[in-house]
Every structure is written in structure tokens, then in C-alpha cells.
Amino acid sequence: MIKGSVWKFGRDIDTDVIIAGRYCNISDPDELAKHVFEDLDPTFVGRFVQGDVIVADANFGCGSSREVAPLCLKAAGVAAVVAPSFARIFYRNAINIGLPIFEIPSVAKFFEQRQSIQIDPGTGMISNLSTGASFQAAPFPEFMQKIIGAGGLVNYASERIGGLGNEK
């Protein structure tokens, strides 16, 4: 279960806003996390609490196909991102690094900054604990839940490959 406060963003939040291009040569996720949304809100990292959730309007993660965009969100402690739609490459990159993302049409209008949110990743049920409203996102297929649960595709593949030698 994911439970935290909402950080609300508008539509068309592109990867340049998530992490500025000048930081894309940094390979350390912890260092990347220090610069999340820096050009949009320089105080974000100092106010964000690990485990909080981003709720945004449509087309989150559009722009450049930067794998570091979902990586820096996860490294900063973002527990999940909820939006009506995601750029396809951002969606795939998020799953590949184990960042849960949920699509629900028009969801942004039902949440305000700092409201309490709860997400059941297994069922796709998302609740605004501040208002009592609930929303149903399509749950991830089982194999995608396993990828996210493992912390990303590389970890998932390592677990599967590592387990092959032990099966008889």
C-alpha cells in the first residue's frame, strides 16, 4: 500500500522540467535526486517527503526520452505518479526502473496540493483520503507488478536468472 501527500502538477510536464538537461550526465541517482523539478520549483526537494505521490494532469513525462527522469523521481522518494496519461517512453522507463505509475482520466481535478492519497498497487484503487473520493486505475498485469516489486527490470531479470540455477 502506498500512502502519502499529494504534490500536484499541471499538464505536459516534460522530462526537461523533471530533471534539467545540465544534470543528465550524472550517474548517481542520489545526486540526481537533489535536482528534481529544480527549474520549476527550486524548493521542491527541500519540502518533498519521501513516500509522497505526484498527481499531474495529462501527458506527464513528455519530451526527451531521458531514462534519468523517472530514475531521479524514484531516487527522490516519489512513491508513485498518477496522471490521466503518460508519454509512452516515460511510461516504459518508469516500469523498467520500478516506479509505479497509474493512469486515470481527469484525475488531477479531484486532488489538491498536500491532500492525503492512498494507492493499492495490486488492485489499482486510488483514494483521496482528504475527501473520501476513490478512483479505479487499471491494475498492472502480474508480470509488471513483479518488475515494479523487484525494483525494476534489471533486478527482476537478475532474480529470475539467479533462480534458474537453483531449480531442479
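Please list, ordered by residue number, the helices (runs of 4 or more DSSP H) wholly in segment 1-115 having 3 or more residues that are touching a residue at least 40 places away in the same chain (Cβ under 8 Å). Before the answer, list the steps.
Values: elements: 15-18, 29-33, 44-47, 68-75, 88-97.
Fully inside segment 1-115 and qualifying: 15-18, 29-33, 68-75, 88-97.
Here Ala133 meets each of (1) among the hydrophobic types (A, V, I, L, M, F, W, C); (2) modelled with pLDDT under 90; (3) exposed (fewer than 14 other Cβ atoms within 10 Å of the Cβ) with one exception, condition (2).
Does segment 60-71 contain any residue that is aromatic (Phe, Trp, Tyr), in contact with a Ser or Thr (Cβ under 9 Å, 6 or more places away or on another chain) and closer than 26 Å to Gly21 by Cα? Write out each step before concluding.
Step one: filter segment 60-71 for residues aromatic (Phe, Trp, Tyr), giving 60.
After this cut, where a residue has to be in contact with a Ser or Thr (Cβ under 9 Å, 6 or more places away or on another chain) as well, the list is 60.
Of the ones still in play, those that are also closer than 26 Å to Gly21 by Cα are 60.
Checked against the condition, which is being aromatic (Phe, Trp, Tyr), in contact with a Ser or Thr (Cβ under 9 Å, 6 or more places away or on another chain) and closer than 26 Å to Gly21 by Cα, segment 60-71 yields at least one hit.
Any residue in segment 67-76 that is of a type in the set (A, V, I, L, M, F, W, C), surrounded by fewer than 23 Cβ atoms within 10 Å (Cβ to Cβ), within 12 Å of the chain's Cα centre (by Cα) and over 16 Å from Lys34 (Cβ atoms)? No, segment 67-76 contains no residue that is of a type in the set (A, V, I, L, M, F, W, C), surrounded by fewer than 23 Cβ atoms within 10 Å (Cβ to Cβ), within 12 Å of the chain's Cα centre (by Cα) and over 16 Å from Lys34 (Cβ atoms). Of the residues examined, Ile2 is one that is of a type in the set (A, V, I, L, M), out of contact with any helix residue (DSSP H, G or I) (no Cβ under 9 Å at 6 or more places or on another chain), surrounded by fewer than 22 Cβ atoms within 10 Å (Cβ to Cβ) and closer than 25 Å to Ser127 by Cα. A single member of Ser85, Ser64 is at pLDDT below 95 and either more than 9 Å from the chain's Cα centre (by Cα) or closer than 17 Å to Ile2 by Cα (or both), and it is Ser64. When Pro139 is tested against (1) closer than 15 Å to Ile2 by Cβ; (2) in contact (Cβ under 8 Å) with a residue 24 or more places away in the chain, only condition (2) is not met. Taking segment 49-107 as the range and being out of contact with any strand residue (DSSP E or B) (no Cβ under 8 Å at 6 or more places or on another chain) and among the hydroxyl-bearing types (Ser, Thr, Tyr) as the test, the residues that pass are Ser65, Ser106. Looking at Arg114, Arg92, which one is charged (D, E, K, R) and modelled with pLDDT under 95? Matching residue, one of Arg114, Arg92: Arg92.
The values are calculated or read from the model by the stated rules, or taken from the named source; none is laboratory data. Only a predicted model underlies this, so the values are computations on that prediction, with no experimental measurement involved. Cβ atoms come from the backbone with ideal geometry, glycine included; neighbour counts cover every protein chain shown.
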